[in-house]
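Following: one structure in structure tokens, then a few remarks.
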Amino acid sequence: MRRLIRACYAGAAGYSYAKSAEDVAREHGIDRVARLASNENPRPPSPAVIEAASRALQAANRYPDTRAAPLVEALRRYHGDYRFVTGVGMDGVIETVIRTIVEPGETVVVSTPTFSFYGLAAAAHGARVVSVPRCEDFSVDAAAFIEACRGAKLAFLCSPNNPTGNSVTPEAVEEILEGMEGVLFLDNAYVEFSGIDYRPLMRRHENLVLGRTMSKIFALAGLRVGYAFVPGWLEPFYHRAATPFALNSVSLAAAAAALADVDRVRETCDHVRRWRSRFLEEVPFRTFPSDANFVMIDVSPLTGDEAVERLAAKGVLVRSCTSFPGLGDHYIRVCIGEDWENERFLEAAKNL
Ligand SMILES: *Cc1c(COP(=O)(O)O)cnc(C)c1O
């Protein structure tokens, strides 16, 4: 029956996940594993968020709001007067935007090495994926990117970029927006850690979508909430393409409450910035400047996979970057965790 499977799934490997903390704990007989592989927030949601989610759970017999209104209202309070769409994680938003704009066979442009899901989702939709390699220092060659975007209706750019950690300046983004005819999806999953504000570009360009997630700084990875700033013309068509009631009522309520907790966001950001500097100073390998809550490290002469295994034996789970297309096999990505996790990682890195 395997012949029935579509070619895009039959041949390719699909999304590559980090090893689970449970597996590492079992294999190496470790009680508490430092979980630094998935760029999550190490702090659980605040009591106010849990309270809001519990309240929503009591009304779970009802369908959620059709347009995610409780979350959209909270987003307007948090960001101001913009148009928002929501989805099941930013991953869900990415899929829906592709579905809204791209016909099978059309071109989607990505800038590699980067987050793999743009290419996977576009290929699954039957699009042709064109990769534009980043420069040696992982910056984006705006002219080459614009050239590749000629005739394309949709392109993806990640800033700060996963896994390299660097950002594209708003000026370079603006140059790209002016040079391309299609829509630019700018993935801002880590933007809160960067201090860069791309939102003003929404006022000047009608071909920009800013993708955001509640999974990282807002500590809700398990509830799968993503959203995007969209131009007004796109919003009604996004809703036509979206899966009905995709975002559940518990996630909606929790996300709205998390957006109200401004102090906690600031604390997380301060914690990340403090540790990020220490990682860059103390890791005895080549590190790359980061605007995100993780740091990419060149572990050569080890391969990324070897470093991951050795660190796992010391109770530290990090991500090998081998599965990122267009990157060599000697990088790992380590996110900022709790104090004890970071201390353990630094200690282990010094003894690699
Ligand atoms: C984590 C991540 C996302 C997706 O997050 P969701 O959990 O689906 O909201 C999107 N883009 C990048 C670059 C990420 O690292």
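Side notes on the structure shown:
- Convex hull volume of the C-alpha atoms in the stretch 1-77, normalised per residue: 269 Å³.
- Under the combined filter of DSSP loop state and at most 14 neighbouring Cβ atoms within 10 Å, the stretch 187-271 retains these GluC sites (Glu not before Pro): GLU206.
- Loop-resident sites, the stretch 72-162, for trypsin sites (Lys or Arg not before Pro), counting at most 15 other Cβ within 10 Å (DSSP): ARG150
- Pairwise label distance in nanometres, ARG76 with TYR17, each label 7 Å out on the Cα-Cβ vector: 3.8 nm
- Whole-angstrom gap from the stretch 118-132 to the stretch 291-332, using each part's C-alpha centre: 25 Å
- Max mean-square fluctuation residue, GNM over the chain, Cα-Cα springs under 10 Å, options ALA59, ALA253, ALA219: ALA59
- Springs join every pair of Cα atoms under 10 Å in this Gaussian network model of the chain, and among ARG212, ARG274, ARG224 the largest mean-square fluctuation is at ARG274.
- Going by neighbour counts of Cβ atoms within 10 Å, the residues ARG319, ARG32 line up, fewest first, as ARG32, ARG319.
- Dimensionless Rg over Rh [the stretch 47-260; C-alpha; Kirkwood]: 0.97
- Secondary structure note: in the chain, about 45% of the DSSP beta bridges are antiparallel.
- Interchain or long-range residues, amide H under 5 Å from VAL108's placed H: ARG128, VAL129, VAL130
- Alpha-carbon centroid distance for the pair the stretch 177-238 / the stretch 13-59, whole angstrom: 25 Å
- Debye intensity ratio I(q)/I(0), log10, the stretch 19-135, q values 0.12, 0.17, 0.18, 0.19 Å⁻¹ (C-alpha model): -0.79, -1.12, -1.13, -1.13
- GluC sites (Glu not before Pro) restricted to the stretch 32-108 and DSSP loop, no more than 12 other C-beta within 10 Å: none
Each value in this text was obtained by applying a stated rule to the coordinates, not by laboratory testing. This one's a predicted model, so the numbers in the text were calculated from it and none came from an experiment. Cβ atoms come from the backbone with ideal geometry, glycine included; neighbour counts cover every protein chain shown.
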